2 protein chains.
Amino acid sequence: MTALLNNDTFLRACLREATEYTPVWLMRQAGRYLPEYCATRAKAGSFMGLATNVDFATEVTLQPLDRYKLDAAILFSDILTVPDAMGLGLTFTQGEGPKFAKNVRDEASVAQLSVPDMDKLRYVFDAVTSIRKALNGRVPLIGFSGSPWTLACYMVEGAGSDDYRHVKSLMYSRPDLMHKILSVNADAVAQYLNAQIRAGAQAVMIFDSWGGVLADRAFQEFSLAYTARVLSQIERSYEGTQIPRIVFTKGGGLWLKQMQSLDCEVLGLDWTMNLGLAKELVGGQVGGEGKALQGNIDPNVLFSPPDKIVHEVRAVLDSFGAPHTDRKLKGPTHIFNLGHGISQYTPPEHVSALVDTVHDYSKQLRGAA
Amino acid sequence: MTALLNNDTFLRACLREATEYTPVWLMRQAGRYLPEYCATRAKAGSFMGLATNVDFATEVTLQPLDRYKLDAAILFSDILTVPDAMGLGLTFTQGEGPKFAKNVRDEASVAQLSVPDMDKLRYVFDAVTSIRKALNGRVPLIGFSGSPWTLACYMVEGAGSDDYRHVKSLMYSRPDLMHKILSVNADAVAQYLNAQIRAGAQAVMIFDSWGGVLADRAFQEFSLAYTARVLSQIERSYEGTQIPRIVFTKGGGLWLKQMQSLDCEVLGLDWTMNLGLAKELVGGQVGGEGKALQGNIDPNVLFSPPDKIVHEVRAVLDSFGAPHTDRKLKGPTHIFNLGHGISQYTPPEHVSALVDTVHDYSKQLRGAA
């Protein structure tokens, strides 16, 4: 459990400390684009069968690390485990994505919501502990949850959506009910992340995947405020070690300056944001306060041939600029990632070109600085 | 054809001239949420049957004007008429959206592309002339087209998409082919809009509906540059009257400052952008240069009860602030609209609350200034 880390590059970059190269991991790195993942999923029978089985979850979490020189592992799970534990009945139908047996759209169903007994999520915490042990200090393990707003989207819609009609109707018509849902979600997410930390997660990430569908003003009131409420309840350290907290709002670039006030170490960005501009806005100076930045290449770049991938990866690293190299001071840092989860159609061999270029070229950039 | 306009509020606001109230129209205002539209469509048999029949297109364009005090009409048509005229074979299947018989994904299919004979789009220009005549000066008529990039999305994908995998694969793998497609599209769109202007359109709008899915850098190279290429070829005036040009990039808020350089009068905004910030960035001062702004309420607001709609409409007007009232000088102006097309599920009676509040409250704001 307490094996020393062989590679703490990711954690140091989260804390805005200088690193020898830019660390890299990929959102949804354990996923359907890997044939070995598909094989394990076939054994498990279903997505939830995979996510709820500690051995399978451990196996798939480690698979991408065996293929690529990634600098972090992320718990294999789903953002919808929390509403499932609230009793909404989560299933994944082939090709259709997540579905809930019940949705939450009226006064009565909102009144029934409460923070679930964390014991119902024991399979997640057990997986964290098992993965941490299996990693044996290879790289750090990231725990995660959906944001209160993003969970609410699925709870109200009952499934994925392309217009968010039901959740936005409720939000505009009955803001009181929406605030009630979000309060319960925020407290549940905080307990959930704290339990992941106690089980062995070395950093935690909040996925506000659907924050970007909100209007200005609504984002601040219904998403940002509740992400802040989660953060205010999360342990800052565990067993004497600081636990970095990452917040990723897809489509949230316009609100980056407002996200600076969040009590977290890292802000994740999608591909629409210029990293140099983001650094200017929230990255801070060497010796000053700021946020580490994580992201942000378009996952679709991985469909192009390796020489084009190399070109695009370099351009993203260049847009951030030369990272600071002062070992005594904190300063702007960059954690390379995609701007969204990797596509199931990605050719696995293309991912090596991305990972290797991040490492090689970011070392060059430091040398040149 | 040359009937004097009874209501030129919209055109004056486009040119940043002071108006007595904030003009309003709604993207997709002639659409499925109106029972009278559904009745006409049923008579026409299909979407393309509706769009290609001059009488039907005229009828549905005018329908929302009979219900609501809108300040502009927009041609009833579809953004995909241009690739259809290129020979790609457009159809609309019930509930599934547009589909092309052929897609454009390889060297051979790109080589076959060319600017279509505008005679194939005569039905559009005839509709413009017919609508203009039927309007008889009631409000101005807006013509429109999809942007080169947005058309390319459909041409390469062959239909709508949720990940833009094919078009982005082509863009990253074969940027030369993508530039070829976009060049043809830009020249076709320019000819198409010029023909609409000659047929009677009093303003034109370019819908870059999918510009916002692009990464930073890719947006500038593959969308913005080709919108600029269209604008460089559009007539600035017709028969002595200036023709305002509107550019709307959904999800383009992060690039607003870069869009300022476009040779157009109005920039459209979706609901993620704060209008006050947008005004500060590109709206200009009284007596100075700048862009008029159009937008940007979340169409989902229309699902809430009228009192909530009133509240949200006022908040959007407030976010822009008091419009300038100097009759001698140009200055920041706002054209009220949705941040995207109106949903087919909108209760028609809710739209009155929006339109009436825009007029009433924006008059109050001017009085208070």
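Worth a mention:
- Scanning the stretch A:1-32 for residues that are within 12 Å of A:Val60 (Cα to Cα) and surrounded by 16 or more Cβ atoms within 10 Å (Cβ to Cβ), we see that the one that is nearest to the chain's Cα centre (by Cα) is A:Arg28.
- Restricting the stretch A:192-235 to residues that are polar (S, T, N, Q) and under 17 Å from the mean Cα position of the chain (by Cα) leaves a set whose member that is farthest from the other protein chains (Cβ to nearest Cβ) is A:Asn194.
- Single residue of the stretch B:1-38 satisfying the filter (in a helix (DSSP H, G or I) and not assigned by TED's automatic domain parsing to the domain that holds B:Pro323) that is farthest from B:Asp119 (Cα to Cα): B:Pro35
- When the criteria are applied in full, B:Pro347 meets the requirement of being within 12 Å of chain A (Cβ to nearest Cβ), in contact (Cβ under 8 Å) with a residue 40 or more places away in the chain and not basic (Lys, Arg).
- For the stretch B:165-199, a tally of residues being small (Gly, Ala, Ser) and surrounded by 22 or more Cβ atoms within 10 Å (Cβ to Cβ) returns 3.
- Candidate set from the stretch A:244-264 (those that are touching a strand residue (DSSP E or B) at 6+ places or on another chain (Cβ under 6 Å) and not hydroxyl-bearing (Ser, Thr, Tyr)); member that is surrounded by the most Cβ atoms within 10 Å (Cβ to Cβ): A:Val247
- For the condition touching a Gly at 6+ places or on another chain (Cβ under 7 Å), of a type outside the set (A, V, I, L, M, F, W, C) and outside the structural domain of A:Leu354 (by TED's automatic domain parsing), A:Lys43 does not qualify.
- Test: residue in the stretch A:72-88 that is within 30 Å of A:Lys328 (Cβ to Cβ) and in contact with a helix residue (DSSP H, G or I) (Cβ under 9 Å, 6 or more places away or on another chain): yes
- Residues in the stretch B:70-102 that are part of a helix (DSSP H, G or I) and of a type in the set (A, V, I, L, M, F, W, C) were compared, and the one that is surrounded by the most Cβ atoms within 10 Å (Cβ to Cβ) is B:Val82.
- Single residue of the stretch B:128-151 satisfying the filter (more than 17 Å from the chain's Cα centre (by Cα) and small (Gly, Ala, Ser)) that is surrounded by the fewest Cβ atoms within 10 Å (Cβ to Cβ): B:Gly137
- Scope the stretch A:33-90; condition of a type in the set (Asp, Glu), under 30 Å from A:Asn103 (Cα atoms) and at pLDDT 95 or above; matching residues: A:Asp84
- Any hit, the stretch A:320-332, residues being surrounded by fewer than 21 Cβ atoms within 10 Å (Cβ to Cβ), under 22 Å from the mean Cα position of the chain (by Cα) and not assigned by TED's automatic domain parsing to the domain that holds A:Phe248: no
- Test: residue in the stretch A:39-61 that is under 18 Å from the mean Cα position of the chain (by Cα) and surrounded by fewer than 20 Cβ atoms within 10 Å (Cβ to Cβ): no
- Residue check, A:Val313 touching a strand residue (DSSP E or B) at 6+ places or on another chain (Cβ under 7 Å) and not in a strand (DSSP E or B): yes
- Where a residue in the stretch A:249-270 is farther than 19 Å from A:Gly146 by Cα and away from every other protein chain (no Cβ under 11 Å) and its partner, wherever it lies, is among the aliphatic types (A, V, I, L, M) and part of a strand (DSSP E or B), with Cβ under 9 Å and at least six apart: A:Gln260/A:Leu267
- Taking residues in the stretch B:163-191 that are more than 26 Å from B:Gln233 (Cβ to Cβ) and assigned by TED's automatic domain parsing to the domain that holds B:Tyr226, and partners anywhere that are hydrophobic (A, V, I, L, M, F, W, C) and surrounded by 20 or more Cβ atoms within 10 Å (Cβ to Cβ), the pairs with Cβ atoms closer than 6 Å and at least 6 places apart or on different chains are B:Tyr164/B:Val213; B:His166/B:Val156; B:Ser169/A:Phe303; B:Tyr172/A:Val301.
- In the stretch B:291-303, residue nearest to B:Asp270 (Cα to Cα) [restricted to those that are within 7 Å of chain A (Cβ to nearest Cβ) and surrounded by 23 or more Cβ atoms within 10 Å (Cβ to Cβ)]: B:Asp298
The values are calculated or read from the model by the stated rules, or taken from the named source; none is laboratory data. For clarity, every value in this text was computed on a predicted model and none was experimentally measured. Ideal geometry is used to build each Cβ from the backbone, glycine not excepted, and the neighbour counts take in all protein chains shown.
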